[in-house]
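Enquirer: Sharing a structure, written as structure tokens. Questions coming.
The values are calculated or read from the model by the stated rules, or taken from the named source; none is laboratory data. Remember, predicted model here, so these are calculated numbers, not experimental data. Cβ coordinates were reconstructed from backbone atoms using ideal geometry, including for glycine residues, and neighbour counts include every protein chain displayed. Note: areas computed on protein heavy atoms with side chains; ligands, DNA, RNA excluded. Shrake-Rupley method; radii C 1.70, N 1.55, O 1.52, S 1.80 Å.
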Amino acid sequence: MKPRTKEMTIDEVVARLESGMTIGIGGWGPRRKPMALVRAILRSDLTDLTVVSWGGADVGLLAAAGKIRRLVYAFVTLDSIPLEPLFARARQDATIPEISEWDEGMFFTGLKAASERLPFLPMRAGLGSDVLRNNPELRTVTSPYADEQTFVAVPALTLDVALVHLNRADVHGNATYLGPDPYFDDLFAMAADEVYVSCERIVDTAELTLDSPVQRLLLHRMMVTGVVETPHGAHFTTCTPDYERDERFQRHYATSAAEPGAWAAFKERFLSGDEAAYQAAVAAFAEEQA
């Protein structure tokens, strides 16, 4: 019996999502984010979401659209632009109802606990810091052994859905990254009940390890619910080696986000249509700037 085909469209993935879900978004800041899926969520009527992310423009866009009820994050950055501008405005205007800002190590530990189906994991990070003061839901735990040390009890970041973007996948859900870092996308996948993978290209299974070591095969088909082929689906974030971050477009995004009129024009041009319309608008913008 052959493994079943899990290929889906962007719209079919979003149709599986529900308001109120906890959604983990893979990638790292402005690096290999599943932006095509994020843009599809923007076009949907989904709301009241809990978003778990090492954040970049994914968080900024969803916050600006009023999609987020609760945000769990360690940072929200565009790297060359240190603070994501739409997120910064949302924080200043307090438009995200619930905020949980964790230390990066705690965020990792929360995903690891969820991936191992544990309610929490202990760690030292956060002790004596304002992380605990600003997140009163976080608790401490005392070692049951003779040392009786105190640790932060980091709760599991259990996800209803994980959205990740990788370089290549097959139709069954096996997926590989070709760039320098897996960005913990495997932990997002193992922490979630359902996992949707967008990728630059769907290939035959044998091709996944043809030109890259088997260790880069990050996701196994048993972990994956659906696969979507979305060329340039991580734009404007990186998807090394397929393409790097579109710095010129990112600057345009950030500049537009700073002024309401400019942002309205940006949304009309780039975010008012489907993914094909977005990619066409980006191509036209690149030609104008050449």
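Enquirer: Inside the stretch 158-175, can you point out the residues that are open to solvent by less than 10 Å² (accessible area, probe 1.4 Å) and over 18 Å from H235 (Cβ atoms)?
Expert: L159, V161, A162, D170, G173, A175, listed by residue number.
Enquirer: Here is a follow-up. Return the residue satisfying two criteria in turn: it lies in the stretch 218-269 and is among the basic types (K, R) and touching a Pro at 6+ places or on another chain (Cβ under 9 Å), and of such residues it is most open to solvent (accessible area, probe 1.4 Å). Can you show your working first?
Expert: First, pick out the residues of the stretch 218-269 that are among the basic types (K, R): 221, 245, 248, 251, 267, 269.
In the following step, the residues that additionally are touching a Pro at 6+ places or on another chain (Cβ under 9 Å) were identified as 221, 245.
Details: R221: 81, R245: 49 Å².
Only one residue tops the list, namely R221.
Enquirer: Looking only at the stretch 15-24, count every residue that is open to solvent by 20 Å² or more (accessible area, probe 1.4 Å) and not small (G, A, S) and tell me the total.
Expert: Looking only at that region, the number is 4.
Enquirer: Here are G179, G110, G105: which of them is in contact (Cβ under 8 Å) with a residue 12 or more places away in the chain, of a type outside the set (S, T, N, Q) and within 28 Å of E207 (Cβ to Cβ)?
Expert: The match here is G179.
Residue-by-condition table, conditions (1) under 21 Å from L111 (Cβ atoms); (2) surrounded by 22 or more Cβ atoms within 10 Å (Cβ to Cβ); (3) touching a Leu at 6+ places or on another chain (Cβ under 6 Å):
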residue: L37; (1), (2), (3): yes, yes, yes
residue: D45; (1), (2), (3): no, no, no
residue: T50; (1), (2), (3): yes, no, no
residue: A57; (1), (2), (3): yes, yes, no
residue: L62; (1), (2), (3): yes, yes, no
residue: S80; (1), (2), (3): no, no, no
residue: L83; (1), (2), (3): no, no, no
residue: A90; (1), (2), (3): no, yes, no
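Enquirer: Sort out which residues of the stretch 76-101 are within 21 Å of M21 (Cα to Cα), touching a strand residue (DSSP E or B) at 6+ places or on another chain (Cβ under 7 Å) and not hydroxyl-bearing (S, T, Y), and write them in order of number.
Expert: Within the stretch 76-101, V76, F87, I96, P97, E98, I99, E101 meet the criteria.
Enquirer: What about L178, is it at pLDDT 95 or above, buried (at least 19 other Cβ atoms within 10 Å of the Cβ) and either under 27 Å from L71 (Cα atoms) or over 12 Å from the mean Cα position of the chain (by Cα) (or both)?
Expert: Criteria not met by L178.
Enquirer: Right, here's the next one. Take the conditions under 22 Å from T142 (Cα atoms) and surrounded by fewer than 21 Cβ atoms within 10 Å (Cβ to Cβ) and apply them to D103. Does it pass?
Expert: When the stated conditions are applied, D103 passes them.
Enquirer: Let me ask something else about it. Out of all the residues in the stretch 191-217, which are surrounded by fewer than 21 Cβ atoms within 10 Å (Cβ to Cβ), hydrophobic (A, V, I, L, M, F, W, C) and within 23 Å of A40 (Cα to Cα)?
Expert: Matches in the stretch 191-217: I202 only.
Enquirer: Something else: Only helices (runs of 4 or more DSSP H) wholly contained in the stretch 1-111 count here; list those with 2 or more residues that are within 19 Å of C239 (Cβ to Cβ).
Expert: 10-16, 35-43, 57-64
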